[in-house]
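Visitor: Quick one: structure below, then a few questions.
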Amino acid sequence: DPYYAVATANTTPPTAAAPIETGGTPKTPPLGGDRGPHPDLPDVPNSEALPAAEILPPAVAHEAQGAPMTLLGEYIIRCIVSKDWRVREAGFIQAEHDLEKGAWADKGDAVSGAHAAIYAVRKCVTDKIANVFLPCMRLLQAAANSVFNEMVSSMPRGSRDLHAILEPLMPALTDRLSDPNKRCQESTRNAILAIAVNVGPSFATHHVLKITSRRGAGGRAAAAPSLLPNKALSARCDVLQAVIDTCGLVSTDAGGVAENAHGSNSSFTAPVLLTMAFDLLKQCPASEVRSSAVSLAAKVCSLVGRDAIKPFIKGIERQSQREAIETEIDRILNGRRGSNSSSSSKSASRRRPQTQDSRPNSGLTKEESAVAPTPVVCQFCGYSDPEFANQS
């Protein structure tokens with residue numbers, strides 16, 4: 001072994017020269033310093049207990065040339081592509097620390113930082129280990145708030161260049177919105193919100209707006225597009241509402257074309273969002289998806305007015321469904337308007353007594369009317385109110 005060849009030459013018998021493990025592999029001497037075998041992970045707790053990262057395969061080393069190798073460093077890349085999930089987790093923790101404390105800024109500009117961050121995130125955006133995926137998303141959020149924002153705000157072609165290098169990441173990122181792990185769902189949602197704020201809501205959501213897929217079982221291409229699973233559709237409606245709350249809507253000009261601050265066509269407009277919501281109402285029978293779609297439509301109407309749904313509600317064939325959708329949207333809108341009033345007025349409305357004169361004449365006797373009515377539960381949101389029963 002080269003580590004021990006010099007130390008043992010002509011001075012120590014071969015039997016006592018190099019400590020050998022049970023498997024016959026010479027032990028690698030510890031590196032200098034007090035951090036064990038990981039001198040490049042100073043901000044990772046208990047890094048000395050981790051196994052050493054594997055050597056980079058030639059293909060990976062060639063792929064990482066340029067900004068990733070310069071800003072991340074060879075050892076961090078070795079950690080990120082390691083077969084051991086604990087080492088991958090440590091690599092992302094250290095990369096996030098380096099970005100936030102300014103180590104990347106000393107080695108390159110915002111463009112290099114964006115390339116390095118996206119390279120690292122793409123390696124593990126599909127990782128099924130939550131402890132790896134969560135720091136991966138934290139790195140993406142940190143990059144969005146720093147280098148992505150700097151590219152978009154201070155470079156003439158920064159937005160277009162960033163879109164080009166970020167686009168390959170977005171489909172896989174969007175798929176993680178319906179991850180079985182709740183923490184991974186929330187982390188993905190936060191990452192998309194960070195991209196929406198710093199890069200633009202249209203770019204951040206253009207994959208979220210898709211409700212069909214051509215991928216069949218096992219990822220194979222299907223003959224015709226089919227609706228995504230119910231969980232994925234509900235998650236997409238929910239994150240779109242969060243983006244509306246955070247960024248608002250992009251307004252359209254007189255010709256019905258929306259443009260963002262950089263002059264490119266935008267897809268985060270009221271007509272586009274309402275089209276998605278009513279497509280789900282027409283195509284998906286699942287109650288949880290329909291509830292999310294109605295809530296999304298109501299969110300849009302709260303900003304642009306209820307009349308915005310008129311062209312879309314006509315596409316619902318059954319009159320009873322149209323009425324139910326309109327009633328639910330009105331209920332949500334009225335509830336949101338009520339939430340803006342003072343807490344005292346809301347408390348007073350809750351304590352308002354229901355007198356016999358205020359109830360509709362139902363022909364009940366005094367004894368029958370004394371019995372509390374059975375609340376009617378809304379089919380969309382599960383909300384129940386005795387007034388529903390009284391009015392029915």
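Visitor: If you line up the Cα atoms of the stretch 46-199 on their principal axes, what length do they span on each, largest first, in Å?
Guide: 45, 36, 28
Visitor: Just to verify a number: FRET efficiency for E74 and D238, C-beta to C-beta distance, R0 = 41 Å, to 0.05?
Guide: 0.55
Visitor: Could you pull out the GluC sites (Glu not before Pro) across the stretch 65-154 that fall in loop regions by DSSP (anything but H, G, I, E, B) with no more than 15 other Cβ atoms inside 10 Å?
Guide: Those that pass, being in a loop and sparsely packed, number zero.
Visitor: Follow-up. Can you sort T269, T70 by how many other beta carbons sit within 10 Å, fewest first?
Guide: Numbers: T269 21, T70 15.
Starting with the residue having the fewest Cβ neighbours, the order is T70, T269.
Visitor: Grab the Cα-Cα distance for M155 and W85, subtract it from 0.36 nm times how many residues apart they are, and report the gain in nm with one decimal.
Guide: The span from M155 to W85 would gain 21.5 nm if fully extended.
Visitor: While we're on this one: At 0.36 nm per residue, minus the direct Cα-Cα distance, what do K107 and R322 gain on full extension? Give it in nm, one decimal, please. Could the numbers behind the result be given before it?
Guide: Numbers: separation 215, 0.36 × 215 = 77.40 nm, distance 5.90 nm.
Stretched fully, the K107-R322 segment lengthens by 71.5 nm.
Visitor: Also, quick follow-up: Given a cut-off of under 8 Å on Cα pairs at least six residues apart, what relative contact order in percent is computed for the stretch 225-335?
Guide: 24
Visitor: Something else now. Neighbouring Cβ atoms within 10 Å as the yardstick, rank H97, H62 fewest first.
Guide: The most exposed by this proxy come first: H62, H97.
Visitor: Eigenvalues of the Cα gyration tensor times 5, then square-rooted: what semi-axes does that give for the stretch 225-335, in whole angstrom, largest first? Kindly include the intermediate steps, with their values, before the conclusion.
Guide: On the way: eigenvalues 103, 54, 38 Å².
Ellipsoid half-lengths, sorted descending, are 23, 16, 14 Å.
Visitor: Could you tell me which of rounded, prolate or oblate describes the stretch 33-91, using a ≥ b ≥ c as the square roots of the eigenvalues of the alpha-carbon gyration tensor, with rounded for a/c under 1.5 and, failing that, prolate when a/b is larger than b/c and oblate otherwise? List each step's numbers first, then the result.
Guide: Values: a/c = 2.26, a/b = 1.65, b/c = 1.37.
Prolate, since a/c reaches 1.5 and a/b exceeds b/c.
Visitor: Also, I was wondering about something else. Return the distance in nm (one decimal) between the two label points of a simple spin-label model at E100 and K314, each offset 7 Å from Cα along Cα→Cβ.
Guide: About 5.3 nm, to one decimal.
Visitor: Could you tell me the relative contact order of the stretch 106-235? Use alpha-carbon pairs under 8 Å, at least six residues apart, and round to a whole percent.
Guide: Computed over the stretch 106-235, the figure is 22 percent.
Visitor: As a footprinting exposure proxy, order S320, S302 by other Cβ within 10 Å, with the fewest listed first.
Guide: Ranked by crowding around the Cβ, least crowded first: S320, S302.
Visitor: Relative to the present Cα-Cα distance, how much length would full extension add between A59 and N145 at 0.36 nm per residue of separation?
Guide: 27.9 nm
Visitor: Find, among the trypsin sites (Lys or Arg not before Pro) in the stretch 41-100, those assigned to loop by DSSP (not H, G, I, E, B) with at most 13 other beta-carbon atoms within 10 angstrom. It would help to have the intermediate numbers written out before the result.
Guide: Working: sites: R78, K83, R86, R88; in loops: K83.
Of the trypsin sites (Lys or Arg not before Pro), the ones in loops of the stretch 41-100 whose Cβ has at most 13 other Cβ atoms within 10 Å are K83.
Visitor: Something else about it: Suppose each label sits 7 Å from its Cα in the direction of the beta carbon; what would the T275-I129 distance come out to in nanometres?
Guide: If labels sit at T275 and I129, their model points lie 4.3 nm apart.
Visitor: Here's something else I'd like to know. Need one number: nm distance between label points at N46 and R306, each 7 Å from Cα along Cα→Cβ, rounded to one decimal.
Guide: 5.8
Read-outs throughout are calculated quantities, based only on the coordinates presented, and are distinct from any laboratory measurement. Keep in mind that what you see is a predicted model, and the values were worked out from it rather than measured. Methodologically, a virtual Cβ is constructed for each residue, glycine included, from the backbone with ideal geometry; neighbour enumeration extends over all protein chains shown.
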